[in-house]
Amino acid sequence: MAQDKVYPVYLVAGFLDSGKTSFINGILSDGFALEDRTMLLCCEEGEVEYDPKVLRNVTVVTAEDPETLTPEFLEAERKKCRAVQIIVEFNGMWQIQDFYVNAMPPSWVLYQIIAAAEGPTFEMYAKNMASLMMEKLRNADMILINRCTDELCAALRQKNLRLVNRRADIYLEKEDGTSEDYMDGTVSAFDLDAPEIRVSDEDYGLWYVEIMDNPQMYAGRTVVFRAMMCKPPKYGRYFTPGRFAMVCCAEDMTFLAVACIGFDVSGIPERTWVEIRAEARVEHWDPYEGDGPVLHVQSVTPCEKPREEVVQM
């Protein structure tokens, strides 16, 4: 049986004047809808208007009341314009979950959620509308914080938004039009002030990338994680437990291992699943061809394997 046609949905959420319309104008001017008919569902009218020059292949559908967002209405509007993809400018006062659980037709698939926020009003909304704002940030695949000054960038990094959403890409859009990656080596997706950093099975890939890219952040801190035992003879007293990870397909499978030392694992068989507790340090290790993270292990305990053995990157 042929697979049913699905229609990707890109949802842009945020409060009024957070930069949603400007972001949509930007992706459309970059050619997002150049070849594919696109339905742009506008749930909020702000001060910035859609650029008519980029709407040639785009049909704008408005919805001012969440009650009008039903699967029947949305699919009927999509069919009218023969759209094969949908952009949603979502009202910041509405719940995202209500949309993708109750309103989206079965053939619509939520591909990406982009949460937009304005830097100067971020603190105010975080205090006065915390639940609505956090819902957008926690569900987002990408977070854009607009109209930032250097001072705001520093203040936002001190808040450590990575603790709210560990998987989202976060960008700080400056007033001069430049952009900064929130992950500049000064913030972590984990609570580095905790007595020990427990890495969940789902977060192993994120933690691995972070400790490899910024080992100094973890220097002197205790980490606990589950991994598969690996003891390559060529590494002598070092052992390298890790997890297999897949980026997009089986051909991209790789073993994400960290250098460990200081514990006798001779009685632990290869490929045994273990929980490791260790202090992270930054040291020279020949396979790194320089300095990198070396875990000084305090305990190794056999454990059950994770429900998902392969890490999805």
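The values are calculated or read from the model by the stated rules, or taken from the named source; none is laboratory data. These numbers were taken from a predicted model, which means no experiment stands behind them. Cβ sites come from the backbone with ideal geometry, for glycine too, and all protein chains shown count toward neighbours. Please note that ligands, DNA and RNA were not included when accessible areas were found on the heavy atoms of the full protein model with its side chains. Shrake-Rupley method; radii C 1.70, N 1.55, O 1.52, S 1.80 Å.
Among the residues of segment 22-35, at least one is among the aliphatic types (A, V, I, L, M), more than 23 Å from the chain's Cα centre (by Cα) and under 29 Å from Y182 (Cα atoms).
Tell me, yes or no, whether segment 286-294 has at least one residue that is open to solvent by 50 Å² or more (accessible area, probe 1.4 Å), within 21 Å of R198 (Cβ to Cβ) and under 30 Å from the mean Cα position of the chain (by Cα).
Step one: of segment 286-294, the residues open to solvent by 50 Å² or more (accessible area, probe 1.4 Å) are 286-289, 291.
Within this subset, residues satisfying the condition of being within 21 Å of R198 (Cβ to Cβ) are none.
No.
Here M133, M183 are screened, and the one residue that is open to solvent by less than 70 Å² (accessible area, probe 1.4 Å), in contact (Cβ under 8 Å) with a residue 40 or more places away in the chain and of a type in the set (A, V, I, L, M) is M133.
Out of P8, P71, which single residue is surrounded by fewer than 16 Cβ atoms within 10 Å (Cβ to Cβ), within 17 Å of N139 (Cβ to Cβ), in contact (Cβ under 8 Å) with a residue 12 or more places away in the chain and not polar (S, T, N, Q)? Lay out the reasoning, then the answer.
On the way: P71 fails: within 17 Å of N139 (Cβ to Cβ).
Just a single option satisfies the conditions, and that option is P8.
Against the definition (open to solvent by 60 Å² or more (accessible area, probe 1.4 Å) and in contact with a His (Cβ under 9 Å, 6 or more places away or on another chain)), how does G262 come out, yes or no? Against the criterion (open to solvent by 60 Å² or more (accessible area, probe 1.4 Å) and in contact with a His (Cβ under 9 Å, 6 or more places away or on another chain)), G262 qualifies. The selection criterion, being open to solvent by less than 30 Å² (accessible area, probe 1.4 Å), of a type in the set (K, R) and either out of contact with any helix residue (DSSP H, G or I) (no Cβ under 9 Å at 6 or more places or on another chain) or assigned to a helix (DSSP H, G or I) (or both), does not hold for K127.
Evaluate segment 42-55: report whether one residue or more is of a type in the set (S, T, Y), touching a Ser or Thr at 6+ places or on another chain (Cβ under 8 Å) and outside any strand (DSSP E or B). Among the residues of segment 42-55, at least one is of a type in the set (S, T, Y), touching a Ser or Thr at 6+ places or on another chain (Cβ under 8 Å) and outside any strand (DSSP E or B), which makes the answer yes. Quick check: is even one residue across segment 84-93 outside any loop (DSSP other than H, G, I, E, B), touching a Pro at 6+ places or on another chain (Cβ under 7 Å) and open to solvent by 50 Å² or more (accessible area, probe 1.4 Å)? Checking segment 84-93: not a single residue is outside any loop (DSSP other than H, G, I, E, B), touching a Pro at 6+ places or on another chain (Cβ under 7 Å) and open to solvent by 50 Å² or more (accessible area, probe 1.4 Å).
A Cβ distance below 7 Å, combined with a sequence gap of six or more or placement on separate chains, defines the contacts here; from segment 98-127, residues that are touching a residue at least 12 places away in the same chain (Cβ under 8 Å) reach residues that are assigned to a loop (DSSP other than H, G, I, E, B) and open to solvent by 70 Å² or more (accessible area, probe 1.4 Å) in the pairs S107/D4; S107/K5.
The residues of segment 145-176 that are open to solvent by 30 Å² or more (accessible area, probe 1.4 Å), of a type in the set (V, I, T) and modelled with pLDDT of 90 or more amount to a single one, T149.
When V310, V274, V297 are screened for being of a type in the set (V, I, T) and touching a residue at least 60 places away in the same chain (Cβ under 8 Å), only V310 passes. When V60, V109 are screened for being β-branched (V, I, T), closer than 21 Å to I143 by Cα and surrounded by fewer than 15 Cβ atoms within 10 Å (Cβ to Cβ), only V109 passes. Is it the case that some residue within segment 57-67 is part of a helix (DSSP H, G or I) and over 20 Å from F23 (Cα atoms)? Yes: segment 57-67 contains one or more residues that are part of a helix (DSSP H, G or I) and over 20 Å from F23 (Cα atoms).
Every test in (1) of a type in the set (S, T, Y); (2) open to solvent by less than 40 Å² (accessible area, probe 1.4 Å); (3) at pLDDT below 95 is passed by T222 save one, and that test is (3).
When A154, A130, A117 are checked against the criterion of being of a type in the set (G, A, S) and more than 26 Å from L69 (Cα to Cα), a single residue qualifies: A154.
Being β-branched (V, I, T), in a loop (DSSP other than H, G, I, E, B), at pLDDT 95 or above and in contact with a Pro (Cβ under 9 Å, 6 or more places away or on another chain) narrows it down to one residue among V294, V282, V265, V274; which is it?
On the way: V294 fails: in a loop (DSSP other than H, G, I, E, B); V282 fails: in a loop (DSSP other than H, G, I, E, B); V274 fails: in a loop (DSSP other than H, G, I, E, B).
None of the others qualify; the one that does is V265.
Give me the pairs: first residue in segment 143-159 and farther than 18 Å from G14 by Cβ and in a helix (DSSP H, G or I), second residue of a type in the set (V, I, T) and at pLDDT below 95, beta-carbon distance under 7 Å, and six or more apart or on different chains, which are they? Filtered contacts from segment 143-159: R157/T186; R157/V187.
Here is the figure for segment 160-187: residues that are of a type in the set (A, V, I, L, M) and assigned to a loop (DSSP other than H, G, I, E, B) total 4.
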